[in-house]
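A.B. asks: Below is one structure. I have some questions about it.
The values are calculated or read from the model by the stated rules, or taken from the named source; none is laboratory data. Worth saying up front: this structure is predicted, and the values here are computed from it rather than measured. Please note: Cβ atoms are built from the backbone with ideal geometry, for glycine as well, and neighbour counts cover all protein chains shown. When the accessible area is computed, the model is the full protein with side chains, heavy atoms only, and any ligands, DNA or RNA have been set aside. Shrake-Rupley method; radii C 1.70, N 1.55, O 1.52, S 1.80 Å.
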Amino acid sequence: VNTYDDGTRAGRELNYAENVPEDNKILQAFKEQFPAATVLVACAEDLTNDGHKDLVVVYNTPEADENSKYTELVNGGHVRLLVMIDSGDGEHYYHTEPIPAPVENQKIQFQNIDQKDEIEFVLQGQKGSKVGYGIYRVMGDAAVNLFGEGMEEC
């Protein structure tokens with residue numbers, strides 16, 4: 001059992017992915033495609049098992065989409081998740097369809113849960129006292145929630 005630095009709780013240490021630096025090529029491509037977005041979390045890993053890093057991005061955007069009628073505004077925008085996928089040349093990127101994401105305390109972990117091909121990622125976050133998580137895999141042009149709990153309340 002580990003005691004966290006603040007001394008208030010005990011448990012196992014969780015290894016969350018680190019945000020990429022501002023000069024990351026894929027992050028810059030995201031910002032070009034979504035100039036009105038505010039990036040909240042951006043973490044890189046080879047999710048498609050092609051030898052090229054992809055980028056999971058959680059962001060806030062003032063632009064409405066088909067999910068906007070089901071989600072609340074947070075700081076004037078909608079919190080969304082998408083994956084920027086390297087096309088293979090390190091210069092061109094496409095992205096999955098944006099989907100709703102938790103509005104607060106978003107954290108990402110990369111795990112090869114099924115020990116096969118693509119790597120899954122775990123997104124967790126909260127909205128007030130509601131906490132949720134989802135286990136996602138990139139399938140085609142979508143980030144698919146394979147399993148989760150409480151995400152609809154976050």
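A.B. asks: Assign unit charges at the C-beta atoms only (+1 for Lys and Arg, -1 for Asp and Glu), then state the dipole size of the chain relative to its Cα centre in Debye, rounded to the nearest 20. Working shown, then result.
C.D. replies: Numbers: 12 positive and 28 negative charges, 109 e Å.
Magnitude of the dipole: close to 520 debye.
A.B. asks: Rounded to the nearest 10 Å², what accessible area does ASP23 show when all protein chains are kept and the probe is 1.4 Å?
C.D. replies: Surface open to solvent at ASP23 totals about 120 Å².
A.B. asks: Find which of LEU123, ILE26, ASN112 sits farthest along the positive direction of the dipole of the chain, computed with +1 on the beta-carbon of Lys and Arg, -1 on that of Asp and Glu, about the Cα centre.
C.D. replies: Result: LEU123, furthest along the dipole toward the positive end.
A.B. asks: Related question: Among (i) 53, 30, 30; (ii) 45, 37, 29; (iii) 42, 39, 31, only one was calculated for this model; which label is it, if the read-out is Cα extents along the principal axes in Å?
C.D. replies: (ii)
A.B. asks: In addition: Report, in whole Å, the centroid distance computed from the Cα atoms of region 17-39 and region 86-154.
C.D. replies: 16
A.B. asks: Another question about this same structure. Between ASN15 and GLU118, what length comes free when the chain is fully extended (0.36 nm per residue of separation minus the Cα-Cα distance, one decimal in nm)? It would help to have the intermediate numbers written out before the result.
C.D. replies: Working: separation 103, 0.36 × 103 = 37.08 nm, distance 1.93 nm.
35.1 nm is the gain from fully extending ASN15 to GLU118.
A.B. asks: Students often get this wrong, so check it: of LYS25/LYS116; LYS69/LYS127; LYS25/LYS130; LYS69/LYS116; LYS25/LYS69, which have C-alpha atoms separated by over 29 Å?
C.D. replies: Violating the 29 Å Cα-Cα cut-off are LYS25/LYS130; LYS69/LYS116; LYS25/LYS69.
A.B. asks: Right, another one. How much accessible surface does ASP50 have with a 1.4 Å probe, in Å² rounded to 10?
C.D. replies: Near enough 70 Å² of accessible area.
A.B. asks: Okay, moving on. Kindly provide the helix-only [θ] at 222 nm of the chain, computed as the sum of -39,500 (n - 2.57) over DSSP H runs of four or more divided by all residues, to the nearest 500 deg cm²/dmol?
C.D. replies: Rounded to the nearest 500, the figure is -1500 deg cm²/dmol.
A.B. asks: Continuing with the same structure: At 7 Å along the Cα-to-beta-carbon direction for both VAL39 and TYR70, put a label point, then send me their distance in nm to one decimal.
C.D. replies: Reported label-point gap for VAL39 and TYR70 is 2.8 nm.
A.B. asks: When only C-alpha pairs under 8 Å and at least 6 residues apart count, what is the relative contact order of the chain, in percent?
C.D. replies: Value for the chain: 16 percent.
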